[in-house]
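The values are calculated or read from the model by the stated rules, or taken from the named source; none is laboratory data. Note that the structure is a prediction, hence the values are computed from the model and not measured. Cβ: placed from backbone, ideal geometry, glycine included. Neighbour counts: every protein chain shown.
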Amino acid sequence: MKELHRTEPEAPPVFLAGIRDGTLSKTEADALTAELGGLAETLGLAVAGSETVHVRERNPRYGMGSGKARELADRAVRAGAECIVFDRELSPSQQRNWEDLSGISTMDRQELIIRIFASRAKTREAALQAELAERLYALPRLSHRYINLARQRGGSYAARGSGETRLETDRRFIRQRIGILKGELAALGRQRQVQRRQRERQGTPVCALVGYTNAGKSSLHRVLTGSSVAVEDKLFATLDPTARRISRPDSGGGSRNLIIVDTVGFIRRLPHNLVDAFHSTLEESARATILIHVLDASDPAREVHTKTVMEVLRDLGADKIPLITALNKADVLNPAETEALLEAYPGSAVVSAKTRRGIDRLWNLIEKKLKL
Ligand SMILES: Nc1nc2c(ncn2[C@@H]2O[C@H](COP(=O)(O)OP(=O)(O)OP(=O)(O)O)[C@@H](O)[C@H]2O)c(=O)[nH]1
Ligand SMILES: [Mg+2]
């Protein structure tokens with residue numbers, strides 16, 4: 001069988017299954033299905049077709065009614081897809097049910113995001129964190145892999161018990177590896193803590209740029225610090241927080257030191273395995289003096305993005321930190337849209353990292369917040 005999960009030269013065709021439940025409008029649901037397509041493409045998969053399914057009934061077998069499930073599976077197969085990618089989490093048994101129903105493989109949103117993190121990790125810490133998330137995800141799904149193997153080999157694999165033994169050995173190996181990864185990450189986390197304490201002792205305020213993936217955090221970081229961190233039109237371009245110390249003239253004619261941190265982007269339904277694994281990286285924002293929430297104001301799903309960002313900040317215990325909203329990508333908005341946004345986000349800064357519009361106002365807001 002073709003190994004679907006690595007980025008290959010010929011992209012395996014996949015079918016996207018977006019999910020719309022009662023909480024989303026059609027525009028939002030479509031934007032989120034498009035986001036799923038962006039994630040799939042980031043991983044090097046080719047999108048053969050997509051559908052946003054309106055789910056009213058939550059049948060535990062498939063996570064939707066069985067009639068709808070049958071229809072979706074048929075459509076995916078007709079589109080020539082080798083895999084259905086779901087915009088939600090599937091339990092290990094749901095994954096198996098879908099594979100039985102469709103005869104092709106499945107991937108859920110969690111696995112997709114975890115694999116992107118793994119493929120994009122550049123530093124040792126990011127690589128360890130991504131591997132930890134992968135292992136935590138794989139552990140409860142191991143038996144599923146073996147059942148598939150047993151089927152391909154005519155059932156003899158599991159029936160003789162050899163699969164069983166192999167499964168146990170692999171489980172033990174993964175548990176041990178998880179232990180090692182956690183140990184190494186804890187050591188790196190302590191180093192990070194030492195660096196942070198040093199910064200805190202020096203009393204330099206820290207301003208962290210947080211927000212949804214692809215909102216323009218790294219672009220704004222470059223504009224604010226004059227640095228050259230990578231900016232890409234890709235989801236999760238940044239996996240390591242980059243801190244830059246800068247000096248700004250202050251109103252009294254002196255200067256003020258400030259550390260500006262670019263952080264890893266958030267995404268709706270960030271897999272909890274990833275949140276656990278990337279804890280020390282994500283924690284950087286929880287330690288900041290002030291936060292700048294960078295929002296892609298031109299995205300039709302911006303409300304969902306804002307909601308996600310606020311939820312993640314709350315989970316990280318960062319919701320009490322003074323926050324400035326930067327409505328970014330203002331260069332692609334018309335004046336009426338800008339007006340409406342300013343009403344929805346009072347006190348925010350309308351900016352463009354591209355044209356540098358609104359950057360002075362953003363600096364003023366930062367200064368004001370730091371004086372509080
Ligand atoms: N039109 C326009 N595009 C922008 C602006 N700011 C950023 N972009 C584009 O948006 C894309 C994402 O920018 P990044 O700065 O990498 O976004 P990020 O928030 O750091 O993304 P992650 O690191 O993936 O979370 C890039 O293609 C940028 O060129 C802006 O003000 N206007
Ligand atoms: Mg970035």
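Of the residues that sit in the range 212-248 and are small (Gly, Ala, Ser), modelled with pLDDT of 80 or more and near ligand 1 (Cβ under 6 Å from one of its atoms), which one is nearest to ASP262 (Cα to Cα)?
Filtering first and then ranking leaves SER218.
Looking for whichever is outside the structural domain of ARG135 (by TED's automatic domain parsing) and part of a helix (DSSP H, G or I) here; the options are SER247, SER280. Which one fits?
On inspection, the qualifying residue turns out to be SER280.
State whether the residues of the range 253-273 include one that is surrounded by fewer than 19 Cβ atoms within 10 Å (Cβ to Cβ), over 30 Å from GLY183 (Cβ atoms), in contact with a Lys or Arg (Cβ under 7 Å, 6 or more places away or on another chain) and touching a residue at least 40 places away in the same chain (Cβ under 8 Å).
Taking every residue of the range 253-273 in turn, at least one turns out to be surrounded by fewer than 19 Cβ atoms within 10 Å (Cβ to Cβ), over 30 Å from GLY183 (Cβ atoms), in contact with a Lys or Arg (Cβ under 7 Å, 6 or more places away or on another chain) and touching a residue at least 40 places away in the same chain (Cβ under 8 Å).
Quickly run through the range 93-111 and pick out the residues that are farther than 15 Å from ASN59 by Cα and surrounded by fewer than 17 Cβ atoms within 10 Å (Cβ to Cβ).
Scanning the range 93-111 gives ASP100, GLY103.
Filter the range 240-256 for residues that are more than 15 Å from the chain's Cα centre (by Cα) and either closer than 30 Å to ASP315 by Cβ or β-branched (Val, Ile, Thr) (or both) and give the result.
Once the filter is applied, which keeps residues that are more than 15 Å from the chain's Cα centre (by Cα) and either closer than 30 Å to ASP315 by Cβ or β-branched (Val, Ile, Thr) (or both), the range 240-256 yields THR242, ALA243, ARG244, ARG245, ILE246.
Restricting attention to the range 352-365, report how many residues are touching a residue at least 40 places away in the same chain (Cβ under 8 Å) and more than 16 Å from ligand 2 (Cβ to nearest atom).
Residues that pass the stated criteria total 5.
Which number in (1) within 28 Å of GLU283 (Cα to Cα); (2) among the β-branched types (Val, Ile, Thr); (3) assigned to a loop (DSSP other than H, G, I, E, B) marks the one condition that THR355 misses?
Among (1) within 28 Å of GLU283 (Cα to Cα); (2) among the β-branched types (Val, Ile, Thr); (3) assigned to a loop (DSSP other than H, G, I, E, B), the lone unmet condition for THR355 is (1).
Filter the range 262-301 down to the residues that are more than 22 Å from LEU341 (Cα to Cα), near ligand 1 (Cβ under 10 Å from one of its atoms) and hydroxyl-bearing (Ser, Thr, Tyr) and list them by number.
Answer for the range 262-301, where residues must be more than 22 Å from LEU341 (Cα to Cα), near ligand 1 (Cβ under 10 Å from one of its atoms) and hydroxyl-bearing (Ser, Thr, Tyr): just THR263.
Please identify the pairs in which a residue from the range 317-346 that is within 18 Å of LEU362 (Cβ to Cβ) has its Cβ atom under 7 Å from the Cβ atom of a residue that is part of a helix (DSSP H, G or I) and of a type in the set (D, E, K, R), counting only partners at least 6 apart or on another chain.
PRO322/LYS369; ILE324/LYS369
Of all residues in the range 300-315, which are buried (at least 19 other Cβ atoms within 10 Å of the Cβ) and in a loop (DSSP other than H, G, I, E, B)?
If the condition is that a residue be buried (at least 19 other Cβ atoms within 10 Å of the Cβ) and in a loop (DSSP other than H, G, I, E, B), then ALA301 is the only one that fits.
So which of LEU270, LEU365, LEU295 ends up being part of a loop (DSSP other than H, G, I, E, B) and among the hydrophobic types (A, V, I, L, M, F, W, C)?
None of the others qualify; the one that does is LEU270.
If LYS320 satisfies every condition in (1) part of a helix (DSSP H, G or I); (2) surrounded by fewer than 18 Cβ atoms within 10 Å (Cβ to Cβ); (3) modelled with pLDDT of 90 or more but one, which is the exception?
(1)
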